[in-house]
């Protein structure tokens, strides 16, 4: 796991940080004690990249800097980080693609001689930093022994404080020898490298992360960091976890995406590893506050609860009204990222429809507008993609009544309370 890593910054990246003026974007959302936090407006999105652009074009230089070099990054990695479009470009379909390839340039030198592979690493150190909030990316990772994709963050004081005093938050790391597992880790003074503090998340039923896109996120507050995969929280770290050492997650960090090859943790590629390998990123979104603002029941007409039919976690499971029973199928998290989640998945408008009567369902969280909701002080739970209200069909409060979206009319079957 990540604890085997000695450090992750490169010499070139450190020089960049020492010479660049970093743009700091610290945004912390607060509410008056008299205001129910769950009914406050969702946190604002402070930074994002959805990677829209022509196929073959470079990532937006107003958002990302490309690092170069083959220093091994303190881990004996085998790749040379390149700015070439062969290694990093948009695909024209709303994705960033980082590609690791076998190197054919005999003049390209790495720490151990002629570089064996080329790949890419991007950071936002010069363009965006933030303390606290939700940092989320939807990524499809590569596969194979020796490949090492990562979505992570470093403190903006790296140039002055040095690593690990500046702090590191690994949102997602995967090594090819563990196809169904990702790791989330923090590194700081006295708990870095082999002492990094973290946990792993493994997909059920033997699935591999390389088979599909998944959403990786951290929700970071002054007193905690919580990791999730596809909306399912799997660990929380607080100052008590660092055992009296310094909690250094109190200042802005910047974002990094990279695909390494080889190194002390993943080991080298073997005969079964094919190249090229790609790390495909659908989006990176950052909001200004933690997503976990409220967890509990959502009650509607007749005092009935919003319920996942049959407590099923399958995509397209109907959402209905039911007598309140305290079950997990009725425990919803209303988040600062605009999602409403239960059983590790999101409240979703079927087929992203904006029509009156479009049914609401449970679906894997994917960052689309069909899964964005706002709870107003008046009790309207509005889908922002359609600008329509969550509605109990036919004004009914009977068990099993399906929920849908409908033009907001202020009626009882469109009013919702939390808790």
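Between 200, 260, 150, where does the largest GNM mean-square fluctuation fall for the chain, given springs only between Cα atoms within less than 10 Å?
Result: 200 has the largest fluctuation of those listed.
Give me the orientation-averaged projected area of the Cα convex hull of segment 273-393, in nm², one decimal.
Projected over every direction and averaged, the Cα hull of segment 273-393 covers 9.7 nm².
What percent does the relative contact order of the chain come to when contacts are Cα pairs within less than 8 Å and at least six residues apart?
After rounding, I find 18 percent.
Give the relative contact order (percent, whole number) for segment 294-418; include only Cα pairs under 8 Å separated by 6+ residues.
The normalised contact order for segment 294-418 reaches 27 percent.
When the chain is modelled as a GNM with alpha-carbon springs shorter than 10 Å, which of 196, 303, 155 fluctuates the most?
Maximum fluctuation in the GNM of the chain, among the listed residues, is at 303.
In whole angstrom, note down how far apart the Cα centers of segment 249-264 and segment 148-179 are.
Their Cα centres are 3 Å away from one another.
Which residue, 73, 383, 93, has the most motion in a Gaussian network model of the chain that connects Cα atoms within less than 10 Å?
93
Go from 0 up to the bin containing the longest alpha carbon distance in the chain, width 20 Å each, and give me the % of pairs per bin.
For the chain, the pair-distance distribution reads 27, 53, 19, 1.
Show that you can apply the helix-only estimate: for the chain, add -39,500 (n - 2.57) for every DSSP H stretch of four or more residues, divide by all residues, and state [θ] at 222 nm to the nearest 500.
Computed mean residue ellipticity for the chain: -500 deg cm²/dmol.
In what sequence, highest mean first, do 345-352, 156-163, 103-110 appear when ranked by Cβ atoms within 10 angstrom?
345-352, 156-163, 103-110
Since every read-out is calculated from the coordinates, none of them should be taken as a lab result. Everything numeric here is computed off the predicted structure, so don't read it as measured data. Positions of Cβ are backbone-derived with ideal geometry, glycine not excepted, and every protein chain shown enters the neighbour counts.
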